[in-house]
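Okay, so here's the structure we're looking at.
Taken together, the values in this text are just the output of simple stated rules run on the coordinates, not laboratory data. All of these numbers come straight from a predicted model, not from anything done at the bench. Here the Cβ positions follow ideal geometry from the backbone for every residue, glycine too, while neighbour counts run over all protein chains shown.
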Amino acid sequence: MRPAVASAASRFTSLGSAEVVLTDGLLGQWQRRNREQTLVHSVEQLRLAGNLDNFRAVIGGATEPYRGRYPFLDTDVYKTLEGIAYELARADVDVYASVRDFYEEAIDLMQQAQLADGYLNTYFQADSIDKKPWSDLAWGHELYSLGHLIQAAVAANRQLGDARLLDIAVRFSDLVWQKFGPDTEEKLAFCGHPEVEMALVELFRETDDRRYLELADLMVRRRGHQTIDSTIFTSEYFQDLVPFVNLDSVTGHAVRMMYLASGATDVATETGADDLNAAVLHLWNDMVASKLYITGGLGSRHSDEAIGDRFELPSERAYNETCAAIALMQWAWRMLLNTGEARFADIFEIVQYNAFAVGLSDDGCAFFYDNPLQRRADHMQRSGYESDGPLLRRAWFGCPCCPPNIVRWVAELQDHVAFVGDGALHIANLTAAEISHDGLELSIATAYPWDGDIRLDVTAAPDAGRDIAVRIPAWARGATVVHRDATSEAAAGSWVRLADVAAGDSIRLTLPMPARAHGADPRVDAARGSLAVARGPLVYCAEQQDNAADIDTIVATPADVRALEPERRDIVASGPSVVLHGAVETAAIDPAELYPELRDDTAHPDPAAREAARTHLTLVPYFQWGNREAQAMRVWLRTV
């Protein structure tokens, strides 16, 4: 049961589902919800939407019309199958019959629908679609769809020993090699939506067929010559303005960019290409320095789902697609395995608990496609072509790429907890889990991220001992580690390494979690004169229903934030959360003027007036907002 990313060439190697089991922590709860609620709901929605009917419609001369608006709807089946493969492989876990039946039915239909030459795409195979295969590489998403098919196939083979999907994926990939490989006339052909690159590298890792690695390398390097048909958006949207190795910054469509960067990192890992290694590192550093939201979200523009300019980070119109969060975590994990640097795990964690987690409702059956940092009271969730929309999350989408992406990612959470290399077992994701590798067995008990107390009990170890390295998050100033009655401080943003651990050892890690006030670079105009509140890895927000004062009038100082008190409180049905509360000030709003004149006197010049302006502030974890009634929300609070 090798993990989702299984390279023999990277500096470090992930542990997979046979070696890491999530237990009763928050990630384990998410995984249980995914299996029992989100996955079942997604299978129902896929059947209602007709995704499997599209496969039936291209078998044996059937002539039913293609169902759906987009040419990539097969991928929603593939992503779901990837998640199902993980769930079916878990020991002592019951999977609903509807999920098992979907898995078997989908594979059977795919086997029948695949053409003799290996081609499989129900949109282009449908009689009702007046397009030929490979006639629209910019928007057809055929290679994008193949990428998700490959990832589902690799998961099924690794987790279940089921090679049926792998046979389908290999046949299709061999066809792509024949049509788009190095010795064909298609010297500059590539897919408008990256994804196949990292999938082909993983197929190489699974089959040891270097053609797939070479094809992935070609797909990364062919972009950037402005050859794609950019009839709607510019070349930049497709990352086709300049070659990847010459990109100055992450740019264009956010999900496309993150998948491309992940694939380029995979190619660099396997080939050792210095230019790709330098490019992905430069792009990462620039992104973190100028283009990420404080939640780890990526993508500031609705118009083309794009990343935007440096420091262009509006709150209420932040796009931050859930799929972009998943793709960013995929990239972060690959960079972590290549370098071992804790900073990549820090970003992974911020995205995981904020930009990603907010995309799913507490009950696991409703989704945000985009994830803003502010909601105005009259805002509806709708895309540009819809006349109306729900107030909060929706059960499904016409373009439902995010829900099945969540399904597969949560099913694979344990693949992104720990890795080995440099003579140590590294624990990157601090969560309740059981870990077993090469004679070393340990149990992690923690309520993280709600508190910073973490206990590691070593239940078995080889006679020679093993080293364990535990990540200390960058925010965790004042962290301490207790091992064998010795207490030591641990530097934030680093690894603490414990040598020669033995059976019976108990390690206690304490990460102080005061509320923190964060400002923004002055070039982030949307956050000027504001602060955001975080505690541990969680970003917090104000929802109107918890606050008597209009949240737009709240004025908080760093001192106010430091005085906020944590409290366990039930704000969602799944269980208690940690909210923050305390006293802050409010500022008057003059409803008569949109742009009032500013004068030298303060809003509350005398002590009595200032005291009257005090109010009680309650903040909730950002990832849990929007699970109650639809009211205003904001992450950034005024400081003046």
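Can you check what the net charge comes to around R33, using other residues whose Cβ is under 14 Å from the Cβ of R33 (Lys, Arg +1; Asp, Glu -1)? Summing Lys/Arg as +1 and Asp/Glu as -1 gives -3. Placing unit charges on each Cβ (+1 for Lys and Arg, -1 for Asp and Glu) gives the chain a dipole about its Cα centre, and among A345, T553, F419 the Cα reaching farthest toward its positive end belongs to T553.
Going by C-beta contacts inside 10 Å, put M258, M110 in order with the fewest on the left.
M110, M258
In summary, the aspartates and glutamates within cross-link reach of K131, defined as a Cα separation below 14 angstrom excluding same-chain residues under 8 places away, comprise E142. Among residues other than Y353 with Cβ under 12 Å from its Cβ, the summed charge is -1 (Lys and Arg +1, Asp and Glu -1).
Relative to the compact globular guide of 2.2 N^0.38 Å, what is the alpha carbon radius of gyration of segment 458-591, as a ratio?
On the way: Rg = 20.5 Å, N = 134, 2.2 N^0.38 = 14.1 Å.
With N residues counted in segment 458-591, Rg over 2.2 N^0.38 Å equals 1.45.
Taking GluC sites (Glu not before Pro) as exposed when their DSSP state is a loop state and no more than 15 other Cβ atoms lie within 10 Å, the longest site-free interval of the chain runs over 387-592. Relative contact order of the chain, taken over Cα pairs closer than 8 Å and 6 or more residues apart, is 13 percent. Proximity of backbone amide H atoms, modeled 1.01 Å from N, is registered between L360 and F368 at under 5 Å, excluding neighbours fewer than 5 places apart on the same chain. Strictly greater than 30 Å: what percent of every Cα pair in the chain meets that? So the pairs more than 30 Å apart make up 55 percent of the total in the chain. By the Cα gyration tensor, segment 516-638 has an equivalent ellipsoid whose semi-axes, rounded to whole angstrom, run 26, 16, 15 from largest to smallest. Taking the helices alone, the chain has a mean residue ellipticity at 222 nm of -10000 deg cm²/dmol, built from -39,500 (n - 2.57) per DSSP H run of at least 4 residues and averaged over all its residues. As a proxy for reagent exposure, V501, V250 were ordered by neighbouring Cβ count within 10 angstrom, fewest first; the result is V501, V250. Between T557 and M380, the modelled labels are 4.3 nm apart [label points 7 Å from Cα along Cα→Cβ].
For the chain, the Cβ-based charge dipole about the Cα centre amounts to some 400 debye (Lys, Arg positive; Asp, Glu negative; other atoms uncharged). If you take every residue apart from R471 with its C-beta less than 12 Å away from the C-beta of R471, what net charge results, scoring Lys and Arg +1 and Asp and Glu -1? Every neighbour counted, the sum reads -1. Considering only beta bridges that DSSP places wholly inside the chain, some 95 percent are antiparallel.
When D485, D438 are sorted by how many other C-beta atoms sit within 10 angstrom of their C-beta, beginning with the fewest, the order is D485, D438. In whole angstrom, note down how far apart the Cα centers of segment 514-557 and segment 199-257 are. Comparing the Cα centres of segment 514-557 and segment 199-257, I get a distance of 37 Å.
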